[in-house]
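The values are calculated or read from the model by the stated rules, or taken from the named source; none is laboratory data. Remember, it's a predicted structure, so these values are computed and weren't measured experimentally. Note that we place each Cβ from the backbone using ideal geometry, even for glycine, and neighbour counts take in every protein chain shown. Quick note on the areas: whole protein, heavy atoms, side chains included, nothing else; ligands and nucleic acids left out. Shrake-Rupley method; radii C 1.70, N 1.55, O 1.52, S 1.80 Å.
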Amino acid sequence: MVDFAGWALPVSYPDLSHVESHHHTRKGVSIFDVSHMLQLHIHGKDRIKFIESILVADVESLAVNTGTLSLMTTEEGGIIDDCIVHKSSAGFLNLVCNAGCAEKDLAHITERSQAAISAGLDVTVEVKPKHSLIAVQGPKMSSVLQQGIQDDLSQLYFNHTALVDVWGIPCRVTRCGYTGEDGVEISVPDGQTVELVERLMSVSDDVALAGLGARDSLRLEAGLCLYGNDIDETTTPVEGSLMWTISKRRRAARDFPGADKIMGQFLAKPKSGKRRVGVVVDKAPARPHYPVLNMEGEIIGEVTSGSPSPCSGQNIAMAYVDHKYIKNGTPLQVQVRKRVFPATKVPMPFVPTQYYNPPK
């Protein structure tokens, strides 16, 4: 067990090592307890106008019961947090934020909501009371979970959400997760969380519990950011290679915090500054803060996340490097302690993702 944002969380469970748990998630089903995440409901007729005043997402254009990954930005263009927002048919917005940012996120959202109310907007922020959050991830998730619900899971696509009973327990089931695999996150009443997990575990030997170790290596293989490592208030969506989170409408309107700074970087010619990229390192695993060098030995960036990839067998990493070095295949070097090892800039994700999307 380790302390994580004030929560005691398991790195792994006794029956599977970190690497075994990682592979199990890619082949079977793993259950992650992510109840430490902050769950919010945004109510009121001006809820969309309000949420778009703090997030970069095009929430207005979301279909009902769908959602997206988004960014909460500062007036200077930095990233306060990355979060998931869904437009519920129940008449509110569902927002899930990182546990490590929960205190500052809630303070920021509360302050902005109070200002909005003072300006005449109809909006209310509610911390979702007494609910846990369980992530069920892996290619066999659907066959396992389908046994507990009457709704057809084949019609619930990636980033779609629904209020359903799971073995008779009222839950919100959202097709998403942070592993790169097909999966769901289930918001469940606190008093019935253990019952739900036990029911899932009883369905098949393919279901196992998983901890923070596997969650971190899985998200890295999928090219997904860890807040505090790969993005923070000193990085912008442009630098973090996250401009895909900002739609054409929001870019044109420039009505989100930090829009002028962010769009200025995005449209600048010639391009400059740092960018988040994928890197594969020969022979040695890269760790956060290891310097990235060009072939002349000059420091041109820094690793933010890195580890051996259980699936590919390569030493993979995310790093920020100068914009001149972002072309795929660019030869680089990474300094590991006192030695320098060859590296290559590669596209992300490092392992193909398996999100359950509608047929094309």
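Against the test of being assigned to a loop (DSSP other than H, G, I, E, B) and not polar (S, T, N, Q), the options G120, G67 yield a single qualifying residue, G120.
Looking across region 106-124, the residues that are closer than 24 Å to M263 by Cβ and touching a residue at least 12 places away in the same chain (Cβ under 8 Å) come down to H108, I109, R112, A116. Going residue by residue through region 190-200, is there one that turns out to be open to solvent by less than 20 Å² (accessible area, probe 1.4 Å) and among the basic types (K, R)? Within region 190-200 (the criterion being open to solvent by less than 20 Å² (accessible area, probe 1.4 Å) and among the basic types (K, R)), the answer is no, since none of the residues qualifies.
Taking region 175-204 as the search range and keeping residues that are among the charged types (D, E, K, R) and part of a helix (DSSP H, G or I), which one is nearest to H41 (Cα to Cα)? Among those that are among the charged types (D, E, K, R) and part of a helix (DSSP H, G or I), it is D190.
Annotation: of all residues in region 201-229 being within 30 Å of T245 (Cα to Cα), among the small types (G, A, S) and out of contact with any Ser or Thr (no Cβ under 7 Å at 6 or more places or on another chain), the one that is surrounded by the fewest Cβ atoms within 10 Å (Cβ to Cβ) is G228.
Tell me yes or no: at least one residue of region 302-309 is surrounded by fewer than 22 Cβ atoms within 10 Å (Cβ to Cβ) and more than 20 Å from A214 (Cα to Cα). Scanning region 302-309, I find at least one residue that is surrounded by fewer than 22 Cβ atoms within 10 Å (Cβ to Cβ) and more than 20 Å from A214 (Cα to Cα), so the answer is yes.
Listed here are the residues, each with its yes/no results for (1) open to solvent by 30 Å² or more (accessible area, probe 1.4 Å); (2) in contact with a Leu (Cβ under 8 Å, 6 or more places away or on another chain).
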| residue | (1), (2) |
| --- | --- |
| T124 | yes, no |
| V127 | yes, yes |
| L133 | no, no |
| L145 | no, yes |
| I149 | no, no |
| Y157 | yes, no |
| R172 | no, yes |
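Only one of the listed residues (R215, R199) is in contact with a Phe, Trp or Tyr (Cβ under 7 Å, 6 or more places away or on another chain) and more than 21 Å from R26 (Cβ to Cβ). That residue is R199. Reported count of residues in region 317-356, each being open to solvent by 50 Å² or more (accessible area, probe 1.4 Å) and in a helix (DSSP H, G or I), is 1.
Okay, residues lined up against (1) touching a Cys at 6+ places or on another chain (Cβ under 7 Å); (2) of a type outside the set (G, A, S); (3) at pLDDT 95 or above:
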| residue | (1), (2), (3) |
| --- | --- |
| N94 | no, yes, yes |
| D105 | yes, yes, yes |
| I109 | no, yes, yes |
| S113 | no, no, yes |
| D122 | no, yes, yes |
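Mind checking whether some residue in region 110-117 is in a loop (DSSP other than H, G, I, E, B), touching a helix residue (DSSP H, G or I) at 6+ places or on another chain (Cβ under 8 Å) and open to solvent by 60 Å² or more (accessible area, probe 1.4 Å)? Checked against the condition, which is being in a loop (DSSP other than H, G, I, E, B), touching a helix residue (DSSP H, G or I) at 6+ places or on another chain (Cβ under 8 Å) and open to solvent by 60 Å² or more (accessible area, probe 1.4 Å), region 110-117 yields no hits at all.
Among the residues of region 232-249, the ones that are of a type in the set (A, V, I, L, M, F, W, C) and buried (at least 21 other Cβ atoms within 10 Å of the Cβ) come to 3 in all.
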